[in-house]
Amino acid sequence: MRKILIVGAGQSGLQLALGLQSQGYEVTLMSNRTADEIRAGRVMSTQCMFDTALQHERDLQINFWESQAPRIEGLGVSVAAPGSHEAPEGSQRAIDWVGKLDGYAQSVDQRVKMAGWMETFAQRGGQLVIHGAAVSDLDFFASRYDLTMVSAGKGELVSMFGRDAGRSPYDAPQRALAVAYVHGLGPRPEHPDYDAVRCNLVPGVGELFVMPTYTTSGRADILFWEGIPGGPLDAFQGVKDPEEHLAVTLELMEKFLPWEYARATKVELTDANGTLAGRYAPTVRNPVGRLPSGGLVLGVADVVVANDPITGQGSNSASKCAASYLASIVERGDQPFDGDWMRTAFERYWTTAQHVTKWTNAMLAPPPEHILNLIGAAGQLQPVADRFANGFNDPSDFENFFYDPEKTNAYLASLTG
Ligand SMILES: Cc1cc2nc3c(=O)[nH]c(=O)nc-3n(C[C@H](O)[C@H](O)[C@H](O)COP(=O)(O)OP(=O)(O)OC[C@H]3O[C@@H](n4cnc5c(N)ncnc54)[C@H](O)[C@@H]3O)c2cc1C
C-alpha cells in the first residue's frame, strides 16, 4: 500500500491520517507533542465548527464527542452604540439579533480532540513519531514516502512555502487575540433555552466572541477578544498570569460590552492553561514546498491558507482541506504525487477556501455602508439574520448578497417587497 508521511497532528493532519488509515494507506504521523502533553497543555483555539465541517468528521466516524459537546443552534450579532453622556461608551446596543443555524455547530477543545484522535490513530496501528520536525528531517524522510504533507499549522515549517502576495492582502496581524476558557458563565437572557455563538462588535475597537465548548473538565464557555492592534483591547501582551488575563478580559467586557459582562460576574478559569494570547498575519502560501535535495511536499490547511479567526473558520477550513485532499489522494490511485498533482489538489481545495479568505479579510476591514445596513436589517428581518448565521457554515453564499451593494439592496428589497 502507498506510504504517506504527515507532519503535524492538528485538525487537518489527524483527520487526514485517520481518513487515509481507514482506506488502507500506510500512514506515519509526526507530532511535536504526545497526546498527554497536548491534553495537559495550553488551549490553542476556540475551534467552533459548523455543520459541513462536522459532517466530514461524521463521515469518518471520528465525531467521538458529538453527544457531550454543547449544540450551538444560533449565531448572534450585537453592535455597541457609540458613547454619549446619557449612555456611557458601550452601555447600549445599536444592533442585537440572533440567527438560527440550519445544522448545529460545536466546539470541542482541541486538547481533548487532538489527544483523543492521536491515541485512536496509534491504537489502529498507525505509526506515530513524536518529534518536532525540521526541514532537514523532512529532507531525510520524504524520499521514503510516496507523499509527504506538512500540516504543522502556523509553525516554523511554513517557511518552506512562499507567500502568495496576490492572495494575501495583509502583511501584518490585523487583530490581537486573547482567549479565556471559563466555567460559570450565565446564558444570554434573550435565548436562555439554546446556545449560540455571540459576536459582539465594538466599532473601531474590536470584537468579543462568546461561545460554549466542551473542554477537559466538561462544558465551559470561551471569552475571546479580538482587538485592533494598538487599541484599547490590545492589552494582553506581557500578561503571563492566567488570573490577570481573566481580570483584563472582564474589565474590558465591563467597559465595552456590559450586557456580556452582566452574565460573566461569577466566572472562573477552567484551568491554569485555559488562556491564550497572540497575533498573526493572515497569509495564503504556495502549496508546494521544495526540499533542499529536490523532493516536494504538499502544504495543508493553515500552512497554506491561514485566515484571522474573526470569522471562526480555521478549523472548519482544516476539516474541509483534509476532506478535499483525502478525495484527491484516493482518486490518484497508483499514479505519482508529483508537483502538478499537488497544485491541482490545492486548487480544488481553494475553490472552497477562497470564499473563506475573501469574507474573513472583508470582516477585518471597517464595514462599508451597505454591510452596516444589512447587519442592521437583520434585527428586523429574521431571514437576513438566519442567512448571515448560515454563511458561517458556507461562506460562498456571501457572494450572493454581501460584497456588492447592488446585490445587498436587491436581496433586502426582495424581502421587504
Ligand atoms: C485564538 C484562536 C481562535 C480560533 N477560533 C476558531 C474557531 O472558532 N473556529 C475555527 O474554525 N477556527 C478557529 N481558529 C483557527 C483554528 O484553530 C486553526 O485554523 C486550525 O486549528 C488549523 O488546523 P491545522 O491542522 O492547519 O493546524 P493546527 O491545528 O495548528 O495543528 C498543527 C499541529 O502541528 C504541530 N506542529 C507544529 N510544528 C511542528 C513540527 N515542526 N513538527 C511536528 N509537529 C508540529 C502543532 O503542535 C500542532 O499540533 C482559531 C485560532 C485561534 C488562534
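The values are calculated or read from the model by the stated rules, or taken from the named source; none is laboratory data. In this text the structure is predicted, and so the values were computed from the model without any measurement. Here the Cβ positions follow ideal geometry from the backbone for every residue, glycine too, while neighbour counts run over all protein chains shown.
Picking from Ala35, Ala94, which residue would you name as being crowded, with 18+ Cβ neighbours inside 10 Å and either more than 11 Å from the ligand (Cβ to nearest atom) or not acidic (Asp, Glu) (or both)?
On the way: Ala94 fails: crowded, with 18+ Cβ neighbours inside 10 Å.
Checking each option against the conditions leaves just Ala35.
Go through Val135, Val79 for me and flag whichever is surrounded by fewer than 23 Cβ atoms within 10 Å (Cβ to Cβ), outside the structural domain of Ser12 (by TED's automatic domain parsing) and over 17 Å from Met211 (Cβ atoms). Even if it seems obvious, please write down each step before you answer.
Details: Val135 fails: outside the structural domain of Ser12 (by TED's automatic domain parsing).
Result: Val79 is the single residue among Val135, Val79 that is surrounded by fewer than 23 Cβ atoms within 10 Å (Cβ to Cβ), outside the structural domain of Ser12 (by TED's automatic domain parsing) and over 17 Å from Met211 (Cβ atoms).
Please name all residue pairs, on different chains or six or more residues apart, with Cβ atoms under 6 Å, provided the first residue is in segment 203-219 and is modelled with pLDDT under 95 and the second residue is within 16 Å of the ligand (Cβ to nearest atom) and among the hydroxyl-bearing types (Ser, Thr, Tyr).
none
Residue check, Leu291 against (1) within 23 Å of the chain's Cα centre (by Cα); (2) within 16 Å of the ligand (Cβ to nearest atom), all met but one. Which one?
Failing condition for Leu291: (1).
Identify, please: which residue in segment 153-210 is among the small types (Gly, Ala, Ser) and touching an Asp or Glu at 6+ places or on another chain (Cβ under 7 Å) and is, among those, nearest to the ligand (Cβ to nearest atom)? Don't jump to the end; show me each part of the working.
Just the residues of segment 153-210 that are among the small types (Gly, Ala, Ser), to begin with: 153, 155, 159, 162, 165-166, 168, 172, 176, 178, 180, 184, 186, 196, 204, 206.
Imposing the further condition that a residue be touching an Asp or Glu at 6+ places or on another chain (Cβ under 7 Å) reduces the set to 153, 176, 184, 196, 206.
Numbers: Gly153: 2, Ala176: 10, Gly184: 21, Ala196: 13, Gly206: 13 Å.
Ranking the qualifying residues of segment 153-210, first place goes to Gly153.
Given Thr120, Thr148, which one is more than 13 Å from the ligand (Cβ to nearest atom) and in contact (Cβ under 8 Å) with a residue 12 or more places away in the chain? Before the answer, list the steps.
On the way: Thr148 fails: more than 13 Å from the ligand (Cβ to nearest atom).
Within the list Thr120, Thr148, the selection yields Thr120.
Could you give me the residue pairs with C-beta distances under 7 Å whose first residue belongs to segment 271-284 and is farther than 13 Å from Ser168 by Cα, whose second residue is more than 12 Å from the ligand (Cβ to nearest atom) and among the small types (Gly, Ala, Ser) wherever it lies, and which are 6+ apart or on separate chains?
Filtered contacts from segment 271-284: Asp271/Ser217.
Any idea which of Glu66, Glu26 is more than 20 Å from the chain's Cα centre (by Cα), more than 14 Å from the ligand (Cβ to nearest atom) and surrounded by fewer than 20 Cβ atoms within 10 Å (Cβ to Cβ)? So that I can check it myself, show each step before the final result.
On the way: Glu66 fails: more than 20 Å from the chain's Cα centre (by Cα).
Going through Glu66, Glu26 in turn, just one is more than 20 Å from the chain's Cα centre (by Cα), more than 14 Å from the ligand (Cβ to nearest atom) and surrounded by fewer than 20 Cβ atoms within 10 Å (Cβ to Cβ): Glu26.
So is Gly238 farther than 23 Å from Arg39 by Cα, surrounded by fewer than 21 Cβ atoms within 10 Å (Cβ to Cβ), modelled with pLDDT under 95 and more than 13 Å from the ligand (Cβ to nearest atom) or not?
Working: farther than 23 Å from Arg39 by Cα: yes; surrounded by fewer than 21 Cβ atoms within 10 Å (Cβ to Cβ): yes; modelled with pLDDT under 95: yes; more than 13 Å from the ligand (Cβ to nearest atom): yes.
Here the answer is yes, as Gly238 does meet what is asked.
What is the residue count in segment 235-274 for residues that are in a loop (DSSP other than H, G, I, E, B), of a type in the set (A, V, I, L, M, F, W, C) and within 29 Å of Gly83 (Cβ to Cβ)?
Going through segment 235-274 one residue at a time, the tally reaches 7.
Residue-wise test of (1) within 16 Å of the ligand (Cβ to nearest atom); (2) more than 20 Å from Gln15 (Cβ to Cβ); (3) modelled with pLDDT of 95 or more; (4) in contact with a Ser or Thr (Cβ under 9 Å, 6 or more places away or on another chain).
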| residue | (1), (2), (3), (4) |
| --- | --- |
| Leu296 | no, yes, yes, yes |
| Val305 | yes, no, yes, yes |
| Asp308 | yes, yes, yes, yes |
| Cys321 | yes, no, yes, yes |
| Asp338 | no, yes, yes, no |
| Ala377 | no, yes, yes, yes |
| Ala385 | no, yes, yes, no |
